[in-house]
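Encoded as structure tokens, the structure appears first; notes follow it.
The values are calculated or read from the model by the stated rules, or taken from the named source; none is laboratory data. Predicted model only: the values in this text are computed from it and were never measured. Here the Cβ is made from the backbone with ideal geometry for all residues, glycine too, and neighbour counts use every protein chain on show. Areas reflect the complete protein model, heavy atoms only, side chains present, ligands, DNA and RNA absent. Shrake-Rupley method; radii C 1.70, N 1.55, O 1.52, S 1.80 Å.
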Amino acid sequence: MIRIMQSACFVSAVFAFALILSGCSPKESELRGQELFDLHCAVCHMGPTPDLKKRPPRLEKLFALKQLPSGAPATDTQVRKTIIEGLRTMPAFDKRLSDQGLDDLVAYLHTLK
Amino acid sequence: MNLQKLVPVVLTGVLLTTGCQSSTKRYNLRGQVLEKSISTSEITVKHEDIPGFMPAMTMPYKVKDPAVVQELQPGDAIAAEVVTANNGKDYWLEDVRITDESGRKSAKPAAPAHRLEVGERVPDLPLINQDGKTFRFSDFKGKALLVTFVYTRCPMPTFCPRLSSQFAKIQNDLAKSPEDFAKTHLVTISFDPKYDTAPVLRKYGLAYLDNDPAGFSHWDFASTNSGDLRKIADAFGLEYFEEDNQISHTMDIVLISPEGKIMKYWATEWTTAELEDALRQQAKTVSTPQKPLTPRKAG
């Protein structure tokens, strides 16, 4: 019995290790991106925004279509540009997010289904 | 009274009321009390990030139970729940707990407020608008003025973007009655003179003016040097400070009469309609428009 437990332990340890190895860095990036998104973007893009001149679009499936809601191409470069420079009434995040932070955010936006 | 004893009472209250207010949301706040006002049941808190609600910043909050405000002292570290209702338009603190009192003595006394009283004359300092042109409040003598403060990178939808959106609505509404339009003016002043240069303000303004630069003749987006900004903000009772390219600030809308006197402040609650009505009322105190919009034809 003890032996079975031990081997089960071993198997799950190997399994966990394999999981970490396989998805480690991109997953981490997405997780950090999610934190940044919850902090900076969710208030406008995921919730109700009364009184705003323009309702911020939902960002699910952002990269699934060829175009962003504004009609610009749905590319990583374009989305980074939107975040840094803002777009019309969307505020610019210029100097407020690091390059790594921007990468993480874009990685997370790709996961929004 | 001991705050700890209050907690179960507050909690029970919360449990009882949650059923009726299905649209409320709750977030955990941790931070330090900087100031308190018993008369308005408000505390100013320097708080950590509140995911889903607000990044770390310093701002005033209403506290549901005024007894709690009595108990709190500047310098106290607290944990509390931010409750939002009405789609985030209204928010307040509940279930406030002091987690550390040791900061009490070291806390600096709150800066004295120099806010001008209603009826006093506004300071006439130079401002620079979105076209790089210098102007002063006195240039609008004979017009009722509505003034507010924002910064273009402000990410909080219930703060600057809301203020600018409300001003945009007022601008559009007034444009429908030429007489009121001619006797009123809007001014938005930036808290962030370093970043919000004239071209940045111009781009920001155009987004709220449906891309029509003609709108600037009735709504200026202004900046000034940091010394004068501090003087104007003090005069209007605003507090702000910058940290990591993010500016913590209080909100204020000021109504100025055609004679250049402060008529009214809004700092916590208002509606677009209320602002617009007050501005139109002030405009009505001007007997004749300064200049007719179009020259009258003889005969």
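Of note:
- Nearest-0.05 FRET efficiency for B:ASP139 and B:ALA79, computed from C-beta distance (R0 41 Å): 0.25
- Cα-based shape type of the range B:127-283, given that a ≥ b ≥ c are square roots of the gyration tensor eigenvalues and the cut on a/c is 1.5: rounded
- Peptide ranges A:76-83, B:273-280 listed from the most packed, as the mean C-beta count within 10 angstrom indicates: B:273-280, A:76-83
- With all protein chains modelled, accessible area of B:LEU125 [1.4 Å, Å²]: 40 Å²
- Reachable aspartates and glutamates from A:LYS54, criterion Cα separation under 12 angstrom, eight or more residues apart if same chain: B:ASP210
- Largest accessible area first, the listed residues A:MET46, B:MET59, B:MET251 line up as A:MET46, B:MET251, B:MET59 when surface is computed with a 1.4 Å probe on the assembled protein chains.
- In the assembled protein chains, B:HIS114 presents an accessible area of approximately 110 Å² (probe radius 1.4 Å).
- Aspartates and glutamates with Cα under 20 Å of B:LYS194, excluding same-chain neighbours fewer than 8 positions away: A:GLU85, A:ASP94, B:ASP131, B:ASP220, B:ASP228, B:ASP234, B:GLU239, B:GLU242, B:GLU243, B:ASP244
- Probe 1.4 Å - accessible area at B:THR134, Å² to nearest ten: 80 Å²
- Take the Cα of B:ARG30, step 7 Å toward its Cβ, do the same at B:LYS284, and the gap between the two points is 5.4 nm.
- Peptide A:39-51 - average C-beta neighbours from other chains (10 Å radius): 6
- Put a dot 7 Å past the Cα of B:THR99, heading toward its Cβ, do the same for B:ARG230, and the two dots end up 3.2 nm apart.
- Across A:LYS61/A:LYS81; B:LYS25/B:LYS89; A:LYS66/B:LYS203; B:LYS25/B:LYS169, pairs whose alpha-carbon gap is larger than 23 Å: A:LYS66/B:LYS203; B:LYS25/B:LYS169
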